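Take a look at the structure set out below.
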Amino acid sequence: MKIKNMYNKETPLISFEIFPPKKETNIESIYNTIDVLSGLNPDFISVTYGAGGSNDSSKTTKIASIIKNKYNIEALAHLTCITSTKDDIENTLNTFKKNNINNILALRGDLPSNFSKSNKLEYGYASDLIAHIKNNQDFSIGAACYPEGHIDCKSLHTDLLNLRHKVNVGAEFLITQLFFDNEYFYKFKENLQELKITVPVSIGIMPVINKNQVLRITSLCGTTLPDKFKRMINKYENNPEALKEAGIAYATEQIIDLISYGTDGIHLYTMNKPEIAQKILSNISYIRNTNKIS
Ligand code: FAD
């Protein structure tokens, strides 16, 4: 099924993100993760695509294929384009199709460390990839969006105009970058309305379980850390169990507020820790079935 059609449900979609293990030898560990996540009845599970400019799609394809064909859950395969040729992209799209994968999160990818502006690129932006998929193949296409603005972009307004272009050329749904202050999202929704960007938006939520990990990720993507969040990670940084409990509570509180506001979907960045997703979903077992539009 195409993910764009799933947003017609009355309740918000619940989805998870997982990533392929770095070492091929650890690929088995992901099967246990999928097994637990499948029991939580998600609407779809997304699988990330080699970060840092790699364009090896084999692990993403293998894992997305298991989600779709073994567990019968919709798979969303991420696909980046910054270092790819048109032939690479066509080969990957054909492999996705052969594996019954019908949904793609089309991304530019982060610029590789050796990137120079003089590099000749076949795809400069995600919008180039989105247009290519839309014009050549039959997939439901999602794109990334950034409630606080993308870190490379000089202004939030310019980033929003670039987002509108992605939607105009074929993005059918959006998934947000993580954030820890819901007010950014509420302002972002107003901006989308002003620009008449009406496609559904799933909200990316990352439960925090490790201080260094969250500081590394947020420094890369420029997410604001609210004072209460900073107090929490500083207070419990040396007590992993307490930080996990607090991180789950923080994410739960964010999600309850977002569902109360009215949202199309919640997308949990699971960091391949299915037990965290399990706890959060158990915290919102009744709230999850609340109408999407409040
Ligand atoms: P784009 O939409 O192309 O935007 C990149 C920058 O270019 C922005 O600043 C934008 O404002 C600007 N821009 C866009 N169009 C134009 C234009 N025409 N002219 C000038 N400027 C323009 N990375 C991975 O490597 N693998 C993953 O699996 C992955 N999954 C992700 C999932 C989500 C939900 C999110 C939010 C991010 C993910 N990323 C992933 C990270 C992503 O690749 C980076 O954030 C990347 O830097 C931007 O990707 P994009 O698709 O948003 O790019």
Just give me the residues in region 269-294 being of a type in the set (F, W, Y) and either touching a Ser or Thr at 6+ places or on another chain (Cβ under 9 Å) or in a loop (DSSP other than H, G, I, E, B) (or both), in sequence order.
-> Y286
Scan region 116-123 and give yes if some residue there is within 13 Å of the ligand (Cβ to nearest atom) and either in contact with a Phe, Trp or Tyr (Cβ under 7 Å, 6 or more places away or on another chain) or open to solvent by 30 Å² or more (accessible area, probe 1.4 Å) (or both), otherwise no.
-> yes
Considering every residue within region 231-245, establish whether at least one is touching a Phe, Trp or Tyr at 6+ places or on another chain (Cβ under 8 Å) and touching a residue at least 12 places away in the same chain (Cβ under 8 Å).
-> yes
Quick one: in region 129-168, which of the residues that are among the charged types (D, E, K, R) and closer than 16 Å to T92 by Cα is nearest to the ligand (Cβ to nearest atom)?
-> K134
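Residue under question is G149, and the condition is that it be more than 21 Å from T33 (Cβ to Cβ), touching a strand residue (DSSP E or B) at 6+ places or on another chain (Cβ under 9 Å) and either open to solvent by less than 40 Å² (accessible area, probe 1.4 Å) or at pLDDT below 95 (or both); does it hold?
So G149 does not fit the description; no.
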Taking region 216-268 and keeping residues among the small types (G, A, S), assigned to a helix (DSSP H, G or I) and surrounded by 13 or more Cβ atoms within 10 Å (Cβ to Cβ) leaves A242, A246, G247, A249, A251
Failed criterion for T85 (all others in (1) β-branched (V, I, T); (2) buried (at least 21 other Cβ atoms within 10 Å of the Cβ); (3) more than 22 Å from S46 (Cβ to Cβ) hold) = (2)
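Only one of E148, E172, E190 is out of contact with any His (no Cβ under 6 Å at 6 or more places or on another chain), among the charged types (D, E, K, R) and farther than 22 Å from S46 by Cβ. Can you tell me which?
E190
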For region 183-215, enumerate the residues that are within 16 Å of the ligand (Cβ to nearest atom), under 17 Å from the mean Cα position of the chain (by Cα) and outside any helix (DSSP H, G or I).
-> V199, P200, V201, S202, I203, G204, I205, M206, P207
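The values are calculated or read from the model by the stated rules, or taken from the named source; none is laboratory data. Quantities reported herein were computed from a predicted structural model and do not represent experimental measurements. With ideal geometry, Cβ positions are generated from the backbone for all residues, glycine too; neighbour counts draw on all protein chains shown. Ligands, DNA and RNA are excluded from the accessible area calculation, which covers all protein heavy atoms including side chains. Shrake-Rupley method; radii C 1.70, N 1.55, O 1.52, S 1.80 Å.
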